[in-house]
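Visitor: The structure that follows is given in the form of structure tokens.
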Amino acid sequence: MYFSAFYNSDDLAKLLEQVDPKLEDLLDQDSIITETKFNNTKLITFLCKPHIFDALIAYVTEIPQNIDFDPNESHRDLKMNKFPYVASTILSTDNDLIVQYFLGLISGSKLMDIESETIPDDEVNYGDEEDGGPLTDQEENTEMNTEVPPPFVKFLKFLDSKPPLNATLAGYFAKILKQLYSSRPDVTGKFLFKEYFNYLESMTFHLYSDSIQELLTFILKCEPSHFKESNEAYTDSRITIVKRLINNLLCENENNLDSSLLMDLRANSSLCLVSLLFSCTSIPDGSKLIQPILAPETIKKIVQGIFDPSLVGPISYLINQICEYYAERDPSKDQFEPLELASLKEPHKVHIPDDEPFLLEIIDSIDNIAKMLNIDNKELNPTQISLQFGGTSYPFGQGRIQLLEVLFTLVKFQNKKLEKRISESELPSVLLSLLVRNPWNNILHNIVIKIIKFIIENSSGALKNALFKQGKILDFIIDSVQQTDVQFASKYKGTTSIGYLSHIIVLANALNDSQDSLIRQYCLGHPRWQEFKQNYLYSFNQKINTKLTEEDPHIFVPLREFPRTKLPFDISEEIQEQIETDEEEKIEDDNDSGEEDQAPYLSDLKKEYSNSSRGSNSNSNSNSNSNSNSNGYPSDGMDQENKENSSHE
């Protein structure tokens, strides 16, 4: 084999020749993974012995016991790190014999017959379509004792472990199960959704693990071929899992997890639901699968959850995805493409009925959103944090930052009923007050400015009127730019401008450049704004737009603009010929222009190089003299041979 050059397979072969080789000795060989992938029948037969295969499963599902008492440090490292990794790679290898033995489709005695070559290869069922496809239930029962569960069942018992699961072992478990599901979706799906559905439900209890979350999302999006004829049972099982995900997100701590695990459980449950919503058009029965998420009672709990500080984080992601679901849904069509509202800049009218439960719940929650944002920072986060430039401050909180992201998504809805409700609330004035109360929170400034700027450029007259009347945005901008004497609360003495000054200038320019008739009417009718625009804003923009150089240093100058001369350094023949071609075209285009039209510094450069070239030419051989004229420039009429000599010189 080609890869044998990179490892010594003789040691592995010698171990397999022993009467009773040890598994640990085999796992310590560098060639075992490659030999498994290339279907070393003797090795695979040994690995598929019941006690050996159980030991491989134990490496990837159990933490070694009494490992700390092992005096051999290198041996401890092998049992804790290398052996589990090698075992997981073997079990996740796309080897037909290992997969079939893992799932109980072939017995150990059948493998022994394969090794002894008593069974022709064409009679071995590898699960491929060209070999007859998967074994039927009747064939499987005749091959193995039905009272003995396959190794796959022992593997699934990893999910019976008490939380928290070991993160490394959970990663191995997810990798192996994904490979089994991809190799034999019919058999693996039958196990998970029919015979051992309780283990699939157990995954929802361990969703604090990122590996289990990715695995469960992968399984929910796939369609096992076993259920193609009875798709309803498969869909019902997946709907049950979706309901458990909703329960993880919204209900109390049923498994008595600690606070950090509970937070991860809710976050990963939300990510699963978001992924299903986003891919609902491409997964089997996606419209049925998301019905529990969009049910009125679920929507009500989700919207109410944004006011719980422990829920607002995972809830905000789900609400944003629900908004994206409605943003592109057309009531006359069953299929739609989700819209990423996070990158939306243009106005977008949302096709959502006024009696939709989600819209009604959101409208009813606008006042509570304003109250949540208006709460004093100290009340929610009593612990102060140190600022970068010195001093301390009470943090605004990540939960309320995500609540602002939800509000930004709602503003992009372009729904008149929702916009009217926002304009009647305190939100326009609250948004501007957040800048004042959090002068150094740049993340908050960016989100607030994005919301206000979107309203200025795209929203209806109701929200714009609220900004000018209730928020008094023009007076707010004028008063903010005058705060230029903020003291440093640190060892650095001096004053500075307010932290959100640059964002205020962005708003001022957006208002000044707006062509909306309503905004122009407000600006023209405000005397202070006219004075501010003509004095402060004009001078500020002039200062920002001042050019540091008279010319752009990045302007490209074509070769034909340079003087017609031979460069004083070695260049390739191709470049030299290109220079000559460009210069000849330049001369033909500008027959009336002479050397006096060239820039003075170019003429001086040419004269200086001419003198140096004349001196060097006097010492050159006759071949080089024939390739240049008296001024040291390349001759226009030299042939190809002279060009080559000149370029070599």
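The values are calculated or read from the model by the stated rules, or taken from the named source; none is laboratory data. If you're wondering where the values come from, they're calculated on a predicted model, not measured in any experiment. For neighbour counting, all protein chains shown are included, and Cβ atoms are generated from backbone atoms with ideal geometry for every residue, glycine included. Each accessible area value is taken on the protein alone, full model and side chains, heavy atoms only, with ligands, DNA and RNA left out. Shrake-Rupley method; radii C 1.70, N 1.55, O 1.52, S 1.80 Å.
Residue-wise test of (1) under 25 Å from the mean Cα position of the chain (by Cα); (2) β-branched (V, I, T); (3) more than 29 Å from G397 (Cβ to Cβ).
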| position | (1), (2), (3) |
| --- | --- |
| E252 | no, no, no |
| L257 | no, no, no |
| M263 | yes, no, no |
| S269 | yes, no, no |
| L277 | yes, no, no |
| P284 | yes, no, yes |
| Q291 | no, no, yes |
| T298 | no, yes, no |
| I302 | yes, yes, no |
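Visitor: Picking from S502, S490, which residue would you name as being open to solvent by less than 40 Å² (accessible area, probe 1.4 Å) and modelled with pLDDT under 90? Before you say what the answer is, go through the steps one by one.
Guide: Working: S502 fails: open to solvent by less than 40 Å² (accessible area, probe 1.4 Å).
Among S502, S490, only S490 is open to solvent by less than 40 Å² (accessible area, probe 1.4 Å) and modelled with pLDDT under 90.
Visitor: Would you call F408 modelled with pLDDT under 90, among the aromatic types (F, W, Y) and open to solvent by less than 70 Å² (accessible area, probe 1.4 Å)? Break it down stepwise before answering.
Guide: Values: modelled with pLDDT under 90: no; among the aromatic types (F, W, Y): yes; open to solvent by less than 70 Å² (accessible area, probe 1.4 Å): yes.
No; evaluated as a whole, the condition is false for this residue.
Visitor: Which one of the conditions (1) free of Cβ contacts under 8 Å to residues at least 60 places away in the same chain; (2) not in a helix (DSSP H, G or I) does N255 fail to meet, given that it meets all the rest?
Guide: (1)
Visitor: For K194, are the conditions met, namely being at pLDDT 80 or above, assigned to a helix (DSSP H, G or I) and basic (K, R)? Walk me through how you get there before you give the answer.
Guide: Working: at pLDDT 80 or above: yes; assigned to a helix (DSSP H, G or I): yes; basic (K, R): yes.
Yes, satisfied.
Visitor: Which of the numbered conditions does E201 fail, given that it passes all the others? Conditions: (1) within 23 Å of F158 (Cβ to Cβ); (2) under 27 Å from the mean Cα position of the chain (by Cα).
Guide: Here E201 meets the rest and fails (2).
Visitor: Give, as residue ranges, the helices (runs of 4 or more DSSP H) completely inside segment 354-432 that count at least 1 residues that are more than 21 Å from Y317 (Cβ to Cβ) and hydroxyl-bearing (S, T, Y). Before the answer, list the steps.
Guide: Values: elements: 357-364, 366-374, 377-380, 398-411, 416-424.
It comes to 416-424.
Visitor: Shifting gears a bit: Could you list all residues from segment 258-297 that are more than 16 Å from I212 (Cα to Cα), open to solvent by less than 40 Å² (accessible area, probe 1.4 Å), in contact with a Ser or Thr (Cβ under 8 Å, 6 or more places away or on another chain) and in a helix (DSSP H, G or I)?
Guide: G286, L289, P292, listed by residue number.
Visitor: Quickly run through segment 1-60 and pick out the residues that are part of a helix (DSSP H, G or I), at pLDDT below 80 and open to solvent by 60 Å² or more (accessible area, probe 1.4 Å).
Guide: Matches in segment 1-60: Y2, F3, A5, F6, D10, D11.
Visitor: Here is a list of conditions, (1) closer than 19 Å to D25 by Cβ; (2) modelled with pLDDT of 65 or more, and D70 meets all of them except one; can you say which number that is?
Guide: Checking D70 against (1) closer than 19 Å to D25 by Cβ; (2) modelled with pLDDT of 65 or more, the one that fails is (2).
Visitor: Shifting gears a bit: Can you confirm whether segment 434-456 contains a residue that is buried (at least 16 other Cβ atoms within 10 Å of the Cβ) and of a type in the set (F, W, Y)?
Guide: Yes: segment 434-456 contains one or more residues that are buried (at least 16 other Cβ atoms within 10 Å of the Cβ) and of a type in the set (F, W, Y).
Visitor: Kindly evaluate S182 against the criterion of being among the small types (G, A, S) and modelled with pLDDT of 90 or more. Quick ask: steps written out before the conclusion?
Guide: Working: among the small types (G, A, S): yes; modelled with pLDDT of 90 or more: no.
No.
To keep it simple, each residue is scored yes or no on (1) hydroxyl-bearing (S, T, Y); (2) over 16 Å from S310 (Cα atoms); (3) out of contact with any Asp or Glu (no Cβ under 8 Å at 6 or more places or on another chain).
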{"site": "I369", "(1), (2), (3)": "no, no, yes"}
{"site": "K378", "(1), (2), (3)": "no, yes, yes"}
{"site": "T383", "(1), (2), (3)": "yes, yes, yes"}
{"site": "G397", "(1), (2), (3)": "no, no, yes"}
{"site": "I401", "(1), (2), (3)": "no, no, yes"}
{"site": "E405", "(1), (2), (3)": "no, yes, yes"}
{"site": "F408", "(1), (2), (3)": "no, yes, yes"}
{"site": "Q414", "(1), (2), (3)": "no, yes, yes"}
{"site": "K417", "(1), (2), (3)": "no, yes, no"}
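Visitor: Taking only pairs six or more apart or across chains, which ones have beta-carbon atoms under 8 Å, a first residue in segment 17-39 that is within 17 Å of I57 (Cα to Cα), and a second residue that is open to solvent by less than 40 Å² (accessible area, probe 1.4 Å) and assigned to a loop (DSSP other than H, G, I, E, B)?
Guide: Within 8 Å, the pairs are I33/T93; T36/T93; T36/N95.
Visitor: Continuing with this model, one more query. Select from segment 73-119 the residues that are among the aliphatic types (A, V, I, L, M) and modelled with pLDDT under 80 and list them in ascending order. Show your work before the answer.
Guide: Within segment 73-119, the subset among the aliphatic types (A, V, I, L, M) is 78, 80, 86-87, 90-91, 97-99, 103, 105-106, 111-112, 114, 119.
Those that are among the aliphatic types (A, V, I, L, M) and modelled with pLDDT under 80: I106, L111, M112, I114, I119.
Visitor: Filtering segment 419-472 down to residues that are basic (K, R) and under 14 Å from L507 (Cβ atoms), which residue is farthest from the chain's Cα centre (by Cα)?
Guide: The initial filter retains those residues of segment 419-472 that are basic (K, R), namely 420-421, 437, 450, 453, 464, 469, 472.
If we keep only those that are under 14 Å from L507 (Cβ atoms) too, we end up with 450, 453, 464, 472.
Numbers: K450: 22, K453: 26, K464: 35, K472: 39 Å.
Restricting to residues being basic (K, R) and under 14 Å from L507 (Cβ atoms), the top hit is K472.
Visitor: Give the residues of segment 245-257 that are surrounded by fewer than 20 Cβ atoms within 10 Å (Cβ to Cβ) and polar (S, T, N, Q), sorted by residue number.
Guide: Matches in segment 245-257: N247, N253, N255, N256.
Visitor: Turning to a different aspect of this structure: Could you list all residues from segment 197-238 that are in contact with a helix residue (DSSP H, G or I) (Cβ under 6 Å, 6 or more places away or on another chain), at pLDDT below 90 and part of a loop (DSSP other than H, G, I, E, B)?
Guide: If the condition is that a residue be in contact with a helix residue (DSSP H, G or I) (Cβ under 6 Å, 6 or more places away or on another chain), at pLDDT below 90 and part of a loop (DSSP other than H, G, I, E, B), then P224 is the only one that fits.
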